[in-house]
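**Student:** Dropping the structure in here first, questions after.
Since every read-out is calculated from the coordinates, none of them should be taken as a lab result. Keep in mind it's a predicted model, so treat the numbers as computed, not measured. Cβ coordinates were reconstructed from backbone atoms using ideal geometry, including for glycine residues, and neighbour counts include every protein chain displayed.
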Amino acid sequence: MAQIRHAADEELVTWVETLASKLAIRAERYDREGTFVSEQITYLQSVGYAGLTVPKIYGGRGCDLYQLLLAQERLAHGDPSAALVMGWHLGITLSLALTGAWPEPIYAEFCRSAVQGKALVNACGTEPDSGSPSRGGRPSTLAVRAPGGGYHLTGKKTWATGSPAITHILVTAYVEDVDCVGEFLVRKGAAGVQLEHSWDSMAMRGSGSHTVVLDHVFVPEEHLLDLVAPGQKTARSSDGSGWLLHIPATYLGIANAARDYTIDFAKKYAPNSLGQPIATVPHVREKIGQLEVQRGIAESVLFATARRYDDAPTLEAKRALREELALAKYAVTNAAVSMVDLAMRIVGGQSILRSHPLERYYRDVRAGLHNPPMDDVTLRQLADRALGKEVATKKER
Ligand SMILES: Cc1cc2nc3c(=O)[nH]c(=O)nc-3n(C[C@H](O)[C@H](O)[C@H](O)COP(=O)(O)OP(=O)(O)OC[C@H]3O[C@@H](n4cnc5c(N)ncnc54)[C@H](O)[C@@H]3O)c2cc1C
């Protein structure tokens, strides 16, 4: 892989490749059944993958964003759903290290458990009537002050990836008495937390992105981790949310798996009408060339952006890269969708058969379009930047 910089990257990628090949054995079954990838996650936790971005002082590998993306891209070759679950966890863990958004004792305890394979975090922000939380809508989930201190949370969070396995659930809720939005830490097993097994999708079927139902769930005062005005960013986002690049890395991994399969196929498949492999046919070679262009652009944009992010010396400098981060997500996920499309055109009709790997890659890769930041938000941001403040959108006039 062109993006490997040194021996530490090489060692990491080689390790993750062995993990991915283990995951690949069960990935298709989970997809077919539409069940949560529980054994895959248990396996990854048992080998220490959940400690990848945990700082070294807490016993983790202390990987930066660049290395997180290298790992996630490789892992997704084996099982995209399992990679997505781990991506949320590892990304949030990294951003907490950068921002110090959690009180140290809570973060330290979480990190040590993650290294031991006992803790997994995800943020559950999406709700049935608010759409993507990245658009800034106020949560319908309510936090009401409990008489003796702390809060009671009531509401529903949809699309909660990894919900059967996550132990640390980050829940946004509207705190009416102060007209603010709070981010609360809800622990697995807390009274009043229930899972509605609602996840039945065409893509990322094993990701367990079910609905978390909260019914008067008590949260102690110290687990209110942030409180901001509606629409404002939390301390956890003060690093510009570079960690969200785990998303395009995962979808690029899917596309690269499709690409590897297709190149191998083109070299071996020799229909008797041709008498030689289809890799010799000009239109196939042209499509492979187009695949390589998409791949090269996607990898360059993704890793160059990650490098700039890691090199940015302050949170402010990282935040200043927000638009570049969004651009990278846009470019890479759209390239990944095009790559799988090209791969299917090369392989031909059999690529749509349920038994064919490209059929699964095709479904999985589309999910990237619906992870944040969404394309429409990115395009608006970039247009705003290009046009300058003096030209407002029609709606705002
Ligand atoms: C595989 C997968 C895993 C996910 N995991 C998680 C998770 O772990 N945690 C989590 O919180 N979420 C998760 N999500 C949910 C994701 O973050 C989004 O909330 C979800 O996909 C809906 O996004 P959306 O943009 O399609 O929906 P909406 O925001 O409802 O948008 C729907 C449509 O309406 C338009 N629209 C809506 N509001 C506006 C507006 N204000 N201005 C302009 N246009 C608007 C959009 O452009 C879009 O076309 C996951 C999604 C996927 C696909």
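**Student:** Taking the Cα atoms only, what angle lies between the long axis of helix 65-78 and the longest principal axis of the chain, rounded to 10 degrees?
**Tutor:** The answer is roughly 60 degrees.
**Student:** On to the next question. How far is helix 282-311 tilted, in degrees, relative to the longest principal axis of the Cα atoms in the chain, given as a value from 0 to 90 rounded to the nearest 10?
**Tutor:** The answer is roughly 30 degrees.
**Student:** Against the 2.2 N^0.38 Å scaling, with N counting residues, where does the stretch 239-396 land? I'd like the Cα-based Rg ratio to two decimal places.
**Tutor:** 1.25
**Student:** Can you bin the stretch 31-167 into rounded, prolate or oblate? Criterion: square roots of the alpha carbon gyration tensor eigenvalues sorted a ≥ b ≥ c, rounded for a/c under 1.5, prolate for a/b above b/c, oblate for the rest.
**Tutor:** Since a/c reaches 1.5 but b/c is at least a/b, the shape of the stretch 31-167 is classed as oblate.
**Student:** Step through the residues of the stretch 126-140 one at a time and calculate ³J(HN,Hα) from phi using the Karplus curve (6.51 cos²θ - 1.76 cosθ + 1.60, θ = phi - 60°), rounding each to whole Hz and writing x for Gly and Pro.
**Tutor:** For the stretch 126-140, the Karplus curve yields 6, 10, x, 10, 10, x, 5, x, 5, 8, x, x, 7, x, 7 Hz.
**Student:** Then there is this: Cβ under 14 Å from Asp64's Cβ, Asp64 left aside: what net charge do those residues give with Lys, Arg +1 and Asp, Glu -1?
**Tutor:** Summing Lys/Arg as +1 and Asp/Glu as -1 gives +2.
**Student:** Okay, moving on. Tell me whether the stretch 123-232 comes out rounded, prolate or oblate; compute the Cα gyration tensor, take square roots of the eigenvalues as a ≥ b ≥ c, and use a/c under 1.5 as the rounded threshold.
**Tutor:** Because a/c hits 1.5 or more and a/b fails to exceed b/c, the stretch 123-232 counts as oblate.
**Student:** While we're here: Excluding Val213 itself, what net charge comes from residues whose Cβ is under 15 Å from its Cβ, given Lys and Arg +1 and Asp and Glu -1?
**Tutor:** -1
**Student:** Follow-up question, since we're still on this one. Rank these for me by crowding, Ser355, Ser81, going from fewest to most other beta carbons within 10 Å.
**Tutor:** Fewest to most other Cβ atoms nearby, the residues stand as Ser355, Ser81.
**Student:** What shape does the chain take by its C-alpha gyration tensor, where a ≥ b ≥ c are the square roots of the eigenvalues and a/c under 1.5 counts as rounded, a/b above b/c as prolate, and the rest as oblate?
**Tutor:** Note, shape of the chain comes out prolate.
**Student:** Right, something else. Taking the beta-carbon count within 10 Å as an exposure proxy, list His197, His152 from fewest neighbours to most.
**Tutor:** Ranking His197, His152 by Cβ neighbours within 10 Å, fewest first, gives His197, His152.
**Student:** Looking at this model, which pairs from Lys118/Lys233; Lys22/Lys188; Lys156/Lys329; Lys118/Lys156; Lys156/Lys188; Lys233/Lys318 are more than 19 angstrom apart at the alpha-carbon?
**Tutor:** Among Lys118/Lys233; Lys22/Lys188; Lys156/Lys329; Lys118/Lys156; Lys156/Lys188; Lys233/Lys318, the Cα-Cα distance tops 19 Å for Lys118/Lys233; Lys22/Lys188; Lys156/Lys329; Lys118/Lys156.
**Student:** Using Cα-Cα distances under 8 Å and only pairs 6 or more residues apart, what relative contact order does the stretch 123-232 have, in percent?
**Tutor:** Averaging sequence separation for qualifying contacts and normalising by length gives 32 percent for the stretch 123-232.
**Student:** Separation between the Glu33 and Asp376 pseudo-spin-labels, each 7 Å from Cα along Cα→Cβ, expressed in nm?
**Tutor:** Each label point is offset 7 Å from its Cα along the Cβ direction, giving 3.7 nm.
**Student:** For the stretch 186-272, state what percent of all Cα-Cα pairs lands in each successive 5 Å bin, counting from 0 Å until the bin that includes the largest distance.
**Tutor:** 3, 9, 9, 11, 15, 17, 12, 6, 5, 4, 4, 3, 1, 0, 0
**Student:** Within 13 Å, Cβ to Cβ, of Val175, how many net charges do the neighbouring residues add up to if Lys/Arg are +1 and Asp/Glu are -1?
**Tutor:** Cβ neighbours under 13 Å give a net charge of -4.
**Student:** Separate question: Using the Karplus curve 6.51 cos²θ - 1.76 cosθ + 1.60 with θ = phi - 60°, what ³J(HN,Hα) values do you get for each residue of the stretch 211-217, in whole Hz, with x for Gly and Pro?
**Tutor:** With the stated coefficients, the stretch 211-217 comes to 9, 9, 9, 10, 10, 6, 7 Hz.
**Student:** Next question, about the same structure. Rounded to whole Å, give me the distance from the Cα center of the stretch 203-272 to that of the stretch 166-197.
**Tutor:** What the calculation gives is 19 Å, centre to centre.
**Student:** Helix 246-268 versus the longest principal axis of the chain: what is the Cα-based angle in degrees, 0 to 90, to the nearest 10?
**Tutor:** Approximately 10 degrees, to the nearest ten.
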